[in-house]
Ligand SMILES: C[S@@+](CC[C@H](N)C(=O)[O-])C[C@H]1O[C@@H](n2cnc3c(N)ncnc32)[C@H](O)[C@@H]1O
């Protein structure tokens with residue numbers, strides 16, 4: 001008769017068997033291991049399948065606090081590596097296959113908790129509503145870059161955990177498409193695009209796909225990123241997919257030298273990195289500048305509370321929101337003053353991500369007197385007691 005310990009181990013074995021089976025029958029999508037218990041500053045391990053020269057391999061991406069390390073392993077070695085890691089290094093495992101989602105966790109007392117669910121019909125066989133909605137997508141769901149980045153599985157279905165990212169990618173391309181039409185870049189013979197703070201580069205790959213595959217243009221797209229490990233990861237993925245014209249460079253937007261950029265993108269680049277990116281976009285004469293600012297730190301400590309507003313802004317949360325609004329309003333006005341038509345809007349609703357504001361600027365065909373806008377900027381600064389704003393200083397330098 002099976003003992004309680006046998007039954008406990010069976011849960012782990014079941015989890016491993018489903019993983020191994022899905023890898024061998026091609027239905028494996030991804031495994032995420034978290035709650036690491038060892039001595040390294042490791043946050044999680046992300047395992048996905050990868051085809052190299054027609055051979056299935058497993059890609060292990062170890063996410064540390066400050067960097068990522070990628071290792072590619074042959075299938076058999078990868079499976080035994082996973083088994084070792086489930087033996088205590090990680091306390092939680094999520095397995096995604098084309099048919100099911102399974103979870104294994106280890107309690108404090110060493111008990112394995114296991115459950116498996118068949119994936120909703122929305123993923124295996126999409127109902128009509130989903131099918132109809134797909135017609136309005138701006139990125140084709142079966143594009144290889146989406147699978148390589150772990151947004152879709154080998155069958156081209158969106159991985160449930162990545163559905164927000166999928167929505168964000170589509171919304172981003174929808175906005176970009178409008179700006180490309182407005183500025184006449186569709187007629188450009190050769191396009192140069194820079195993405196500052198490209199991170200894991202979902203949107204950089206999406207831009208490459210949009211310009212080169214959807215529009216059939218020749219484009220050079222460069223992702224600039226502070227972290228070397230992400231640069232290597234993205235360059236390897238671009239090489240695996242044989243994407244010409246897409247490259248990633250390690251660099252700090254504050255010191256990066258760029259020329260002849262048509263589209264300057266900086267999405268969620270931290271604090272004044274957004275100002276440096278906008279400054280570079282303006283100076284290189286980019287037709288489109290798109291940024292989604294985050295981590296606004298510069299203005300808040302400078303704000304002197306206007307008397308009437310003091311009772312409102314005494315609350316830290318309100319002061320933070322006000323400082324963010326003032327910062328982005330100044331950026332939008334400076335763009336206007338330097339020859340752009342500017343819109344500030346919600347990029348994607350709060351239900352999908354909290355970083356949701358976009359400043360979209362398209363270059364005006366004709367120059368306009370900017371003295372009224374410069375006066376507005378000065379009046380806002382005076383009202384709030386603001387002494388300095390990074391973008392303004394960079395533009396005046
Ligand atoms: C929140 S991530 C956003 C990634 C991507 N743009 C997106 O929206 O999905 C911000 C990235 O900007 C990078 N970053 C921050 N400051 C930077 C700087 N001064 N120069 C270049 N990259 C920077 C960070 O390393 C990080 O990967």
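The Cα center of region 220-295 and the Cα center of region 356-397 differ in position by 23 Å.
Given their separation in residues at 0.36 nm each and the Cα-Cα distance between them, residue 21 and residue 256 gain 79.9 nm when the chain is fully extended. To the nearest ten degrees, helix 4-25 and the longest principal axis of the Cα atoms of the chain are 70 degrees apart.
The helix-based estimate of mean residue ellipticity at 222 nm for the chain, built from -39,500 (n - 2.57) per DSSP H run of four or more residues and divided by its residue count, is -11500 deg cm²/dmol to the nearest 500. With each label modelled as a point 7 angstrom along the Cα→C-beta vector, the residue 155-residue 214 pair spans 2.6 nm.
Note down, for region 254-397, the three equivalent ellipsoid semi-axes (square root of 5 times each alpha carbon gyration tensor eigenvalue), biggest first, whole angstrom. Mind dumping the intermediate values first?
Numbers: eigenvalues 126, 68, 38 Å².
Rounded to whole Å, the semi-axes are 25, 18, 14.
What shape does region 318-397 take by its C-alpha gyration tensor, where a ≥ b ≥ c are the square roots of the eigenvalues and a/c under 1.5 counts as rounded, a/b above b/c as prolate, and the rest as oblate?
Values: a/c = 2.34, a/b = 1.23, b/c = 1.90.
Cα axes put region 318-397 in the oblate bin.
With the convex hull of its Cα atoms as the shape, region 139-258 has an orientation-averaged projected area of 7.5 nm². Remark on region 1-40: Rg and Dmax equal 13.7, 40 Å (Cα only).
Placing R0 at 41 angstrom, the Cβ-Cβ distance between residue 232 and residue 302 gives a FRET efficiency of 0.60 after rounding to 0.05. Which stretch or stretches of region 10-40 have amide N atoms under 12 Å from the point lying 7 Å from residue 99's Cα along the Cα→Cβ direction? The answer is 18-19, 21-23, 25-28. Give the shape of region 4-118 as rounded, prolate or oblate, defined through the alpha-carbon gyration tensor: a ≥ b ≥ c are the square roots of its eigenvalues, a/c under 1.5 means rounded, and otherwise the shape is prolate if a/b is larger than b/c and oblate if not. It comes out oblate by the Cα gyration axes.
Quick check: from the Cα gyration tensor, does region 66-121 come out rounded (a/c under 1.5), prolate or oblate? Oblate is the answer for region 66-121, as a/c is 1.5 or above yet b/c matches or exceeds a/b. Region 289-352 gives an Rg/Rh value of 1.02, both radii derived from C-alpha positions and Rh following Kirkwood. In plain terms, the bigger the Kirkwood radius, the slower the diffusion; for the chain, with that radius from Cα pairs, at 25 °C and 0.890 mPa s, Stokes-Einstein puts D at 105 µm²/s. DSSP beta bridges fully contained in the chain are about 70 percent antiparallel. Hull volume per residue, based on the alpha-carbon atoms of region 187-254 and their convex hull, is 72 Å³.
Throughout, read-outs are computed from the coordinates displayed, never taken from laboratory work. The structure presented is a predicted model; accordingly, all values stated were derived computationally and were not measured. Backbone-built Cβ (ideal geometry, glycine too); neighbour counts: all protein chains shown.
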